[in-house]
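The values are calculated or read from the model by the stated rules, or taken from the named source; none is laboratory data. What you see is a predicted model; the values in this text were computed from it and never measured. Glycine gets a Cβ as well: all are built from the backbone with ideal geometry, and neighbour counts include every protein chain shown. Areas reflect the complete protein model, heavy atoms only, side chains present, ligands, DNA and RNA absent. Shrake-Rupley method; radii C 1.70, N 1.55, O 1.52, S 1.80 Å.
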Amino acid sequence: MATTKRALTNRGASESGVPRHGGRVERGITDALRASRAGERPDPRWAAVEALARTLGRALDGAAAGGEVYAVVQLSGRLLGVLRELGLTPASTTGTAEDDALAALLADLSVPTYTT
C-alpha cells in the first residue's frame with residue numbers, strides 16, 4: 001500500500017521522514033538558540049540568521065534521513081558558518097570565569113620580575 005503525504009503527516013513525519021517537530025539537528029539548533037538567550041527575548045536583528053540556521057538544520061535532517069551523503073557534507077559546512085556567526089560553536093563562545101582567572105594568572109606569570 002502506498003504511503004500518502006496525509007498518512008505521513010498524521011504519523012507525525014513529513015515526506016522527507018523528518019518529524020514535524022524537527023529532526024535531531026533542527027532541535028539541537030533550537031535548544032542552543034534558547035540556551036544562548038538565557039531567558040532573554042529574541043533579538044529581532046538576528047531573526048533572519050536564526051531562521052536560516054533552523055532551515056539548514058531541517059534540510060540537513062532531511063538529507064541525512066534520505067541517505068544523501070553529498071548534501072549532508074555540503075549543508076554541514078554552511079550550517080557551521082551560520083552557527084559561528086551566531087556564536088553557537090565551542091570556539092565562538094566566551095570563556096568562563098575560571099578561564100578568565102587562568103588567563104590572568106598566566107599573564108601575571110609572564111611578566112618578568114627582576115631581583116637585585
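Please give me the summed charge of the neighbours of residue 51: other residues whose Cβ is under 12 Å from its Cβ, Lys and Arg +1, Asp and Glu -1.
0
By how many nm would the segment from residue 71 to residue 36 lengthen if fully extended, with 0.36 nm per residue of separation less the alpha-carbon distance?
Result: 9.8 nm gained on full extension.
Could you sort the peptides 59-68, 34-43 by per-residue average Cβ neighbour count (10 Å cutoff), highest mean leading?
59-68, 34-43
Working from the alpha-carbon coordinates of the stretch 28-99, get Rg over Rh, Rh being the Kirkwood radius.
1.03
Excluding ligands and nucleic acids, what accessible area in Å² is computed for residue 54 using a 1.4 Å probe, to the nearest 10?
Accessible surface of residue 54 is approximately 60 Å².
Tell me the accessible surface of residue 30 in square angstrom (1.4 angstrom probe, heavy atoms of protein chains only), to the nearest ten.
30 Å²
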